[in-house]
Amino acid sequence: MGLAPEARRYDNPIRYVSVPLARLCARSRLSPNQVTLARTLLMLGTLALFASRDGRLLLAAAAGFELCEVLDHTDGDLARLTNRTSRFGAWIDTFIDLWVYAVPGLLGFCVALGVSRRGGSGWEWIALFWAMLGRFLDLALSAYAPAGESERIGTGQTEADWRPASGSRTRRVGRLVYMAINWEPQLIVLGALLFWPLAGWQVDPLLVALVGCSILHQVPWVAKFVLQWRHYGRGAGAP
């Protein structure tokens with residue numbers, strides 16, 4: 001089967017590596033799901049390194065994580081290049097990203113465990129809890145959002161009234177926040193890389209990274225709460 005042209009432009013610098021790697025995988029007849037499985041196994045090993053008490057393993061953990069980042073794009077690029085996209089592949093990829101690869105999931109738990117085993121003060125678990133709570137509230141509030149343009153509430157408002165206008169400052173800020181959350185694991189990688197240079201300090205850089213990620217995860221649900229409160233409040237108060 002010949003390779004189909006790429007369906008997406010290089011909207012991420014990592015794709016300058018993942019696309020050539022996907023072409024190599026296509027020539028070796030590897031399937032996208034096989035690449036996803038390899039990434040999952042590598043990620044589990046990387047998580048074990050993050051959870052280790054030995055800080056010397058953090059450099060290997062950072063390298064393993066970045067390789068997982070490349071493979072995360074490679075499986076999708078391979079599926080598009082070979083026209084072998086599937087619902088199952090998209091589902092398992094999203095599941096891994098949400099609950100294994102993200103801070104409010106196994107990644108955050110293993111990082112907090114590693115910080116704790118190196119003499120943490122308990123703040124690492126508080127930061128993890130708030131990151132997970134932020135994710136839960138974000139998902140919960142998404143369920144209460146208007147379902148579509150045809151749904152009308154109270155005074156005939158639609159989802160277009162609830163969402164920030166296209167091009168507005170609110171929407172631009174929201175996109176920046178979600179972009180920061182998508183890249184939040186890189187804060188963990190940065191903390192791992194800075195562990196030894198900052199070894200003389202009394203603060204574990206990975207704890208600082210966890211706190212930063214926890215703060216980021218509070219922004220989306222707060223913004224959704226405010227927008228929905230205004231939306232439903234106007235509808236409920238209409239004559």
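Provide a single number: the residues in region 32-54 that are crowded, with 16+ Cβ neighbours inside 10 Å and not hydroxyl-bearing (Ser, Thr, Tyr). Break it down stepwise before answering.
Filtering region 32-54 for residues crowded, with 16+ Cβ neighbours inside 10 Å gives 32-33, 35-36, 38-40, 43, 46-47, 49-52.
Filter again for not hydroxyl-bearing (Ser, Thr, Tyr), leaving 32-33, 35, 38-39, 43, 47, 49-51.
Matching residues across region 32-54 total 10.
Restricting to region 43-68, name every residue that is in contact with a Lys or Arg (Cβ under 8 Å, 6 or more places away or on another chain) and either among the hydroxyl-bearing types (Ser, Thr, Tyr) or within 14 Å of GLY191 (Cα to Cα) (or both).
Listed by number, the residues that qualify are ALA51, SER52, GLY55.
Go through TRP91, TRP99 for me and flag whichever is surrounded by fewer than 20 Cβ atoms within 10 Å (Cβ to Cβ) and closer than 26 Å to ILE215 by Cβ. Please lay out each step first, then the result.
Numbers: TRP91 fails: closer than 26 Å to ILE215 by Cβ.
Testing whether each residue is surrounded by fewer than 20 Cβ atoms within 10 Å (Cβ to Cβ) and closer than 26 Å to ILE215 by Cβ leaves just TRP99.
What is the one condition in (1) surrounded by 13 or more Cβ atoms within 10 Å (Cβ to Cβ); (2) at pLDDT 90 or above that ILE153 does not satisfy?
(2)
Restricting to helices (runs of 4 or more DSSP H) lying wholly in region 1-116: which have 2 or more residues that are at pLDDT 90 or above?
Helices (runs of 4 or more DSSP H) meeting the threshold: 15-27, 32-50, 58-81.
Determine, yes or no, whether ALA209 is modelled with pLDDT of 65 or more, within 18 Å of ALA102 (Cα to Cα) and either in a helix (DSSP H, G or I) or in the same structural domain as ALA62 (by TED's automatic domain parsing) (or both).
For ALA209, the condition - modelled with pLDDT of 65 or more, within 18 Å of ALA102 (Cα to Cα) and either in a helix (DSSP H, G or I) or in the same structural domain as ALA62 (by TED's automatic domain parsing) (or both) - is met.
The values are calculated or read from the model by the stated rules, or taken from the named source; none is laboratory data. Please read these numbers as outputs of a predicted model, since none were measured by experiment. Cβ sites come from the backbone with ideal geometry, for glycine too, and all protein chains shown count toward neighbours.
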